[in-house]
Each structure stands twice: as C-alpha cells, then as structure tokens.
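Undergrad: Attaching a single structure in structure tokens format; questions to follow.
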C-alpha cells in the first residue's frame, strides 16, 4: 500500500535518483573494471578464457538433464529479454507522461535506449563468440561480450527503482532494492547456466550497466544553484539581498554558477551515446536492410556516373577539396579556432567548445565506422541480376589513387565507407565556427561570411569525395547526422545560457491610514 506522504511530486523523483545512484568513486572503479575486462576479452587472455570454459561446462553438466530446472531457467531469463523489459518500460514511461513527469520519463527512455546501443555496438567491436557446450540447451544469436540480458536487466530495473521508489514507504525501499538485486543476479546466472554466455560476459554487462546508470542519473539532474550551510547546520539556498536589478530584464541577469565538470561530462556522454545509436542504426539500415535494393544500386551508379565527368581542372579542384577534411587539417583548424576564440571572447568555455566538437566527432566516427563496416566505393559490388559494378578510383598518378583499394587492408575504422569522416569533420568544425562568430560579433557581414563558408567548404569536400570515388553519396549525406547533432550537444553542455530568474518580490503592504 502506498504511503500518502510519499506521493509523486514534481522534482522529488530526480532527487531520489541521484541519492540512489552509486558514488563517483564506485562508478570509476566499475568503469575501470569493465575496461580491464574488455581488454582481456578482446586480447583473448587464456587464463580468463579457461575460467569461463570451466564454469560454463560445469553448469551445463548440472542442468542439461533436468527438464524442470531448464524450464525455470528459461522463465527467469525472460525477465532480462527484450519483450518483458520493453513492456515494463513502455508502461512506466506512459504513466510518467500522464502524470506530466517529463524529466523522469526522459530519464527512463534515454537510459534504456542507451543501454541497448552500448551493448549492441560493443558486441560488434569486441566480436567474442558465444560458448560451445557439450549439450546445448538454449540458443542465442549475435556476439557474446557483454551480456545484453545482464546489462539490460540491471539498467532497466535499476532506473525504474530510482524513479518509482518515492511512491513506496521508506521501509519498503530496502526490500525493493533487495528484490531488484536478486532478480538481476538470477538473470545473469541463467545466461551462464543455459550456456549462451560466459561468466565474464555477465560480469562485464553488470559493470557497464552500473556506469551507464550513474551517467544518465547525473545527466538528468535538474540544474539548481548549490546550497550553502545554514546558520543552524542545515542546508539552505544561498541568501539573496534585494537590489535594484529586480526590475532589470531577464536577459541581463547574472548567470547561474557553472555546473560541476562531472555533471557536464555526464550530459555530453549521454547525448554522445544517443547520437551514436542514431548513426549506428542508419549504418545498419544502409548495409544490411538496403544491401541488395535499388537504393544500394543507385548509390553506386551515382559514383560511376560522376566518374564520367572527370576533367583535368576538376581533378585539381577536387584534389584540394578532398584534402580539406584530412585529420591534420581538421586538427590544425580546431587549434586555430580555439586560439582565436580565446583571444576574441576571453573565456575558457568558447575556447574549449571546438575541441569538444572535434574530439566527439572523431570518437563517433571511429566507433560507428568500426561497428558498421561499410565498404568504400572502390570495392566491386555484386548487384541483383548478375550485374557487377566496379566503382572508379582516383585519377592515375594521383597520390590518393591507391587509397581507395589499400584502405580495405587497414583497420575497420579506415576501411568503412560509412560515415564520411572528412565531410563530418568539416561540417562539425565550420558549424562550430558559425556558433562562435555569432557569440563574438553582431556585425551582419561577418556572420554572413561565416555562414557562407560553413555551406561552401563542406559542399566542396563532399563533392570531391564523391568525384574521386572514395565515398558513397548516401555516406556523405549521413555525415550531417553525425556532425550537426553533436555540435548541438556541445553547445548545450558548454555554451547555453542559464539565466537565473530571481524570486518574485512580495507586493508592498499599503500603509495603514490609521497609523499616524
């Protein structure tokens, strides 16, 4: 029975979510443990693999011949599967939206979606195969590390516990925490007992889930001024003295004190994972769902058609345009923009803004391209109807002539034709320049010049990539999906204004005419 004193109130859920989350030290320890475990798994460390095989084989021998135990294990493992978790999360989100709890609803959605994105991408990047047991009792598709059931159950039930625990009496919260912990442990145990995951897969899923749960909880904390000690040892808001600025427009009010660095980093990391999910999903759609359709055929035919337009003049122009997005040029441009922003604005945040934009873009590209693995146009493509298209390579004698073929012998981030790293880098950098110019000056001609450059330079780079046969048109267009949302995220975290509206002054009491 719900306690009326713990009814759902605006703002109460977010505060409990932060109190229920693990501390920064514990999260840092969990993150270091996951990084170490992922490195050992990716490096195929034999002692770890031997321990996993021994545990899996022993549990398989215990449960393989018992039908009742297998039925119980299959029923329990479904509590970490997509069907049950999706139903529970959808119902919880609808309930919160009906109660107009928008921030907790966004917290639930972002946390659950981010967990799905993280383990799906990491499975492809690490590429560990599932266990092979003597008597298979269950089947599962995809790669093994980390365990999606283990991570999803911890994150999904954990976020629901954080959000809805205020509805229960205080004494029932400890029981709810124990019940959720027991369910998460049981789900992880069933994955190993059924022979579809290694023990290290389950532990890795739990560690990554703890980190992600804390990151999103910190990211969705409301922005409020930090309290200061009160006169009696309590926590009170900072005192405010009346001043003439009460009548000043809100745009000229002093800004709220900047947030803690770890909180800003949590916001950026949460948004980074969501942008990665959009990019990763688009790449899978292009490489798998559309791999043998008319869209894929048109994508390659455009490259072939553009190759017939080559002239010596265009070769020279596109040689320059193709180099604009190279990593040395992007890094040099970023450092130059940082220095100019520091000189013009004399503030640290605008100077850091281009660095965050470039670093985030590079991390997104490397991760997405390694997970998607789409080929460059230089690779022969077999299309329906026994038609083989061999897209063109750059002109003979050009230094980049061998790049389109040799790149396929490199590490997957360099071999992937989705997304276009050069175009994405140019779009991200010049969009950041437009933002900074808009903050540094109000002169219309300067803003117009920055906006024009932000359109023409990326367009030159994009057309050069298609002309030289190193990128598909769809891959070039998708670079905007990579660049623009991330620039918006960096602006939101670093540069958005947080005006603090002062509390309304009580109306002045009219003088008492009876007093003389």
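Undergrad: Report the calculated FRET efficiency for residue 445 and residue 83 (r = Cβ-Cβ distance, R0 = 56 Å), to the nearest 0.05.
TA: Details: r = 59 Å, r/R0 = 1.05.
After rounding to 0.05, the efficiency reads 0.45.
Undergrad: Got a sec? How would 267, 445, 316 order by Cβ neighbour count within 10 Å, fewest to most? Mind showing how you got there, number by number?
TA: Working: 267 21, 445 8, 316 11.
If I rank by nearby Cβ atoms, fewest first, I get 445, 316, 267.
Undergrad: Let me ask you something else. Evaluate E = 1/(1 + (r/R0)^6) for residue 181 and residue 309, where r is the Cβ-Cβ distance and R0 equals 45 Å; express this FRET efficiency to the nearest 0.05. Please list the in-between numbers first.
TA: Working: r = 64 Å, r/R0 = 1.42.
So the FRET efficiency works out to roughly 0.10.
Undergrad: In addition: Modelling each spin label as a point 7 Å along the Cα-to-Cβ direction, I'd like the residue 452/residue 278 distance in nm, to one decimal.
TA: 3.0
Undergrad: So how much slack lies between residue 342 and residue 323, counting 0.36 nm per residue of separation and subtracting their Cα-Cα distance, in nm?
TA: Details: separation 19, 0.36 × 19 = 6.84 nm, distance 2.70 nm.
Value of the extension gain: 4.1 nm.
Undergrad: Please compute the Kirkwood hydrodynamic radius of the stretch 422-503 from all pairs of different C-alpha atoms, in Å with one decimal.
TA: This gives a value of 14.1 Å.
Undergrad: Residue 168 to residue 72: extension gain in nm, 0.36 nm per residue of separation minus the Cα-Cα distance?
TA: Extending this stretch completely gives an extra 31.6 nm.
Undergrad: Same structure again: Could you work out the per residue convex hull volume over the alpha carbons of the stretch 74-127, in cubic angstrom?
TA: On the way: hull volume 4.1 nm³, N = 54.
Cα convex hull per residue, to the nearest whole number: 76 Å³.
Undergrad: Still on this structure, please answer the following. For the stretch 4-219, count the residues as N, evaluate 2.2 N^0.38 Å, and divide the Cα radius of gyration by that value, please. Please list the in-between numbers first.
TA: Numbers: Rg = 18.0 Å, N = 216, 2.2 N^0.38 = 17.0 Å.
Its radius of gyration relative to the 2.2 N^0.38 Å reference: 1.06.
Undergrad: What is the fewest-to-most order of 87, 338 by other Cβ atoms lying within 10 Å of their Cβ? Write out the running numbers ahead of the final one.
TA: On the way: 87 10, 338 19.
The most exposed by this proxy come first: 87, 338.
Undergrad: Under 14 Å from a point placed 7 Å out from the Cα of residue 125 along the Cα-to-Cβ direction: which residues of the stretch 343-375 have their backbone N that close?
TA: Under cut-off, by backbone N: 360-373.
Undergrad: Efficiency by 1/(1 + (r/R0)^6): what FRET value for residue 263 and residue 132, r their Cβ-Cβ distance, R0 = 41 Å, to the nearest 0.05? Could you put the intermediate results ahead of the total?
TA: On the way: r = 45 Å, r/R0 = 1.09.
Calculated transfer efficiency: 0.35.
Undergrad: Take every Cα pair under 8 Å in the stretch 4-219 that's 6+ residues apart, average their separations, divide by the length, and report that relative contact order as a whole percent. Mind showing how you got there, number by number?
TA: Values: 275 pairs, mean separation 79.8, N = 216.
Worked out over the stretch 4-219, it gives 37 percent.
Undergrad: Alpha carbon centre of the stretch 269-283 versus the stretch 428-499: separation in Å?
TA: So the two Cα centres are separated by 19 Å.
Undergrad: Give the order of 431, 452 when sorted by the count of other beta carbons within 10 angstrom, beginning with the fewest.
TA: Numbers: 431 23, 452 11.
By the 10 Å Cβ count, ascending: 452, 431.
Undergrad: If you don't mind, there's one more thing I want to ask. Expressed in nm to one decimal, what extension gain is obtained for the pair residue 492 and residue 57 from 0.36 nm per residue of sequence separation less their Cα-Cα distance?
TA: Values: separation 435, 0.36 × 435 = 156.60 nm, distance 5.02 nm.
Full extension of this stretch gives 151.6 nm more.
No value in this document is a laboratory result; all are computed from the given coordinates. These numbers come from a predicted model, not from an experiment. Here Cβ is always computed from backbone atoms with ideal geometry, including for glycine, and neighbour counts include all displayed protein chains.
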